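Scroll down for the structure; my scribbles are underneath it.
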Amino acid sequence: MKSVLIVEDEQAIARVLAAYLRKAEFEVHHAADGQAALALFDSVNPSIVLLDIMLPGMDGWDLLRIFREKSACPVIMLTALDDITDRLNGLNAGADDYMSKPFVPEEVVARVNAVLRRNPHWTSGSQDRRSFGNLVIDLASKQVLLNGAEVALTPRDLSLLIFLSEYPNRTFTRDHLIEQVWGLDYEGSDRAVDLSIKRLRQALSHWATDTGEIRTLRGMGYQFWIAN
């Protein structure tokens, strides 16, 4: 069962969200402040987080930064702050979506499902561990290790790497990668794929080239190549 961590100090809002998410067959956990959220995040390994910004003590921005240091778990910001600057700050800081209060609970559930469809590899409980020479992709901990050291990746870059690694030596066009990793509702440029590939290559620059590499096939797309 997919799990949701709701980080919200307004009990009425939390109860309503929990009821709708349970009806949609999610396992629900709730934290009313930052410290409780951090403890639950580590203990339950949620599939997704619904994160309020205005919290007592540690605010949502601080929590988002800490979550991003720990994991690529998807995060949807829930807040009364509706300024475009706040929205951009949230998305640029690593949030996967942003919803303003007041909101319709059914839409929150729909957004949760949409984000999880975009990021199918970030559900909790997977024990997959893929090894490609000195490169290891651990789905359970959502970590990428190179020569035993963790590689820092953005959530989107990690999702792209995981998707490509599922299909070694298969070529994907930009459009296919946008659909599978960014999602059908993505409205940006397909250049985002090129930039993500560039960042991955830089991050994996010490991956043994006789073992594998991310290749560009001119006029065709990208391939996670590994030696047979």
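The values are calculated or read from the model by the stated rules, or taken from the named source; none is laboratory data. Computed from a prediction, not measured in an experiment: that's the story for all the values here. Cβ atoms come from the backbone with ideal geometry, glycine included; neighbour counts cover every protein chain shown. Heavy atoms of the whole protein, side chains included, go into the accessibility calculation; ligands, DNA and RNA do not. Shrake-Rupley method; radii C 1.70, N 1.55, O 1.52, S 1.80 Å.
Kindly establish whether F172 is under 23 Å from P74 (Cα atoms) and open to solvent by less than 20 Å² (accessible area, probe 1.4 Å).
On the way: under 23 Å from P74 (Cα atoms): no; open to solvent by less than 20 Å² (accessible area, probe 1.4 Å): yes.
Criteria not met by F172.
Could you list, in sequence order, all residues of the range 176-191 that are within 22 Å of D97 (Cβ to Cβ) and open to solvent by 40 Å² or more (accessible area, probe 1.4 Å)? Reasoning before the result, please.
Filtering the range 176-191 for residues within 22 Å of D97 (Cβ to Cβ) gives 177-191.
E179, Q180, L184, D185, Y186, E187, G188, S189, D190, R191, listed by residue number.
In the range 75-113, which residue that is surrounded by fewer than 16 Cβ atoms within 10 Å (Cβ to Cβ) and under 16 Å from the mean Cα position of the chain (by Cα) is modelled with the highest pLDDT?
Within the range 75-113, the match that is modelled with the highest pLDDT is N113.
With the requirement that a residue be exposed (fewer than 14 other Cβ atoms within 10 Å of the Cβ), outside any strand (DSSP E or B) and at pLDDT 70 or above, what does the range 114-140 give you?
R117, A140, listed by residue number.
Kindly list, by first and then second residue, each pair from a residue in the range 97-110 that is assigned to a loop (DSSP other than H, G, I, E, B) to a residue that is open to solvent by less than 20 Å² (accessible area, probe 1.4 Å) and polar (S, T, N, Q), limited to pairs with Cβ atoms under 8 Å and residues at least 6 apart or on different chains.
Between residues of the range 97-110 that are assigned to a loop (DSSP other than H, G, I, E, B) and residues that are open to solvent by less than 20 Å² (accessible area, probe 1.4 Å) and polar (S, T, N, Q), the close pairs are K101/T79.
Identify all residues within the range 194-226 that are under 24 Å from E150 (Cβ atoms) and among the β-branched types (V, I, T); write none if there are none.
Selection gives I197, T209, T211, I214, I226.
Sort out which residues of the range 206-228 are among the β-branched types (V, I, T), in a loop (DSSP other than H, G, I, E, B) and open to solvent by 70 Å² or more (accessible area, probe 1.4 Å), and write them in order of number. Step through it out loud before you land on a result.
Taking the range 206-228 as the starting set, the residues that turn out to be among the β-branched types (V, I, T) are 209, 211, 214, 216, 226.
After this cut, where a residue has to be in a loop (DSSP other than H, G, I, E, B) as well, the list is 209, 211.
Hit for the range 206-228 is T209, nothing else.
Within the range 33-68, can you find the residues that are in contact (Cβ under 8 Å) with a residue 40 or more places away in the chain, closer than 24 Å to A152 by Cα and touching a helix residue (DSSP H, G or I) at 6+ places or on another chain (Cβ under 8 Å)?
Listed by number, the residues that qualify are P46, S47, I48, V49, L50, L51, L63, R68.
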